[in-house]
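Below is one structure, written out as structure tokens, with a few remarks after it.
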Amino acid sequence: QVQLVESGGGLVQAGGSLRLSCAASGSIFSINAMGWYRQAPGKQRELVADISSGGRTKYADFVKGRFTISRDNAKNTVYLQMNSLKPEDTAVYYCNSNINLWIYWGQGTQVTVSS
């Protein structure tokens, strides 16, 4: 069984920072891309950022320059450093990863940014 477990969400004031972590565990033979999505109330889930196994990154326009995605392959973990947070960043953030050629999702972690 493979699991993705997120941590690091919470409540922060506008302009503040948070760091999300997502650790993969279980019977893992290969991990390809890892990424973060978010879903705000009443909206569709959207890509925030992803990172390939080789470290190539991709960001949604609305987070460029503010968020940084990284990964530690030795720990099977992906991170999302979120700076200059805005109230519109409020959402449930989900980790996503291609593990053993299958797509897995984490349970989600709430990020709330107050104005």
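The values are calculated or read from the model by the stated rules, or taken from the named source; none is laboratory data. These numbers come from a predicted model, not from an experiment. Quick reminder, even Gly has a Cβ in these numbers, built from the backbone with ideal geometry, and neighbours come from all protein chains shown. The area values use the complete protein model at the heavy-atom level, side chains included, leaving out ligands, DNA and RNA. Shrake-Rupley method; radii C 1.70, N 1.55, O 1.52, S 1.80 Å.
Values as computed for the structure displayed
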{"read-out": "Segment 31-100 - percent relative contact order, Cα under 8 Å, separation 6 or more", "value": "40"}
{"read-out": "Overall form of the chain per C-alpha gyration tensor (a/c, 1.5; a/b vs b/c)", "value": "prolate"}
{"read-out": "Within a Gaussian network of the chain (alpha carbon springs, distance under 10 Å), most fluctuating of 81, 44, 13", "value": "44"}
{"read-out": "Per DSSP, loop trypsin sites (Lys or Arg not before Pro) in segment 60-115 with at most 10 further Cβ within 10 Å", "value": "64"}
{"read-out": "Distance between modelled label sites at residue 105 and residue 75, nm, 7 Å Cα→Cβ extension", "value": "2.6"}
{"read-out": "Extension reserve of the residue 57-residue 28 stretch, reckoned as 0.36 nm per residue once the Cα distance is removed", "value": "8.2 nm"}
{"read-out": "Residues residue 40 and residue 64, FRET efficiency given R0 of 22 Å [Cβ-Cβ distance, rounded to 0.05]", "value": "0.75"}
{"read-out": "FRET efficiency estimate (nearest 0.05) - Cβ-Cβ, residue 115 to residue 2, R0 35 angstrom", "value": "0.35"}
{"read-out": "Segment 38-79 - percent of accessible surface contributed by carbon and sulfur, probe 1.4 Å", "value": "44"}
{"read-out": "Under Karplus coefficients 6.51, -1.76 and 1.60, residue-wise ³J(HN,Hα) of segment 59-67 in Hz, glycine/proline x", "value": "10, 5, 4, 6, 10, 4, x, 10, 10"}
{"read-out": "Where chymotrypsin sites (Phe, Trp or Tyr not before Pro) fall in DSSP loop in segment 1-104, at most 13 other Cβ within 10 Å", "value": "29"}
{"read-out": "For the chain, size of Cβ-based charge dipole, Lys and Arg +1, Asp and Glu -1, in debye", "value": "140"}
{"read-out": "Spin-label pair residue 17/residue 84, simplified geometry with 7 Å Cα→Cβ offset, distance in nm", "value": "1.3"}
{"read-out": "Calculated from backbone phi, Karplus (6.51, -1.76, 1.60) coupling profile of segment 88-103 in Hz, x at Gly/Pro", "value": "6, 7, 4, 4, 8, 9, 10, 8, 9, 8, 8, 10, 6, 6, 10, 8"}
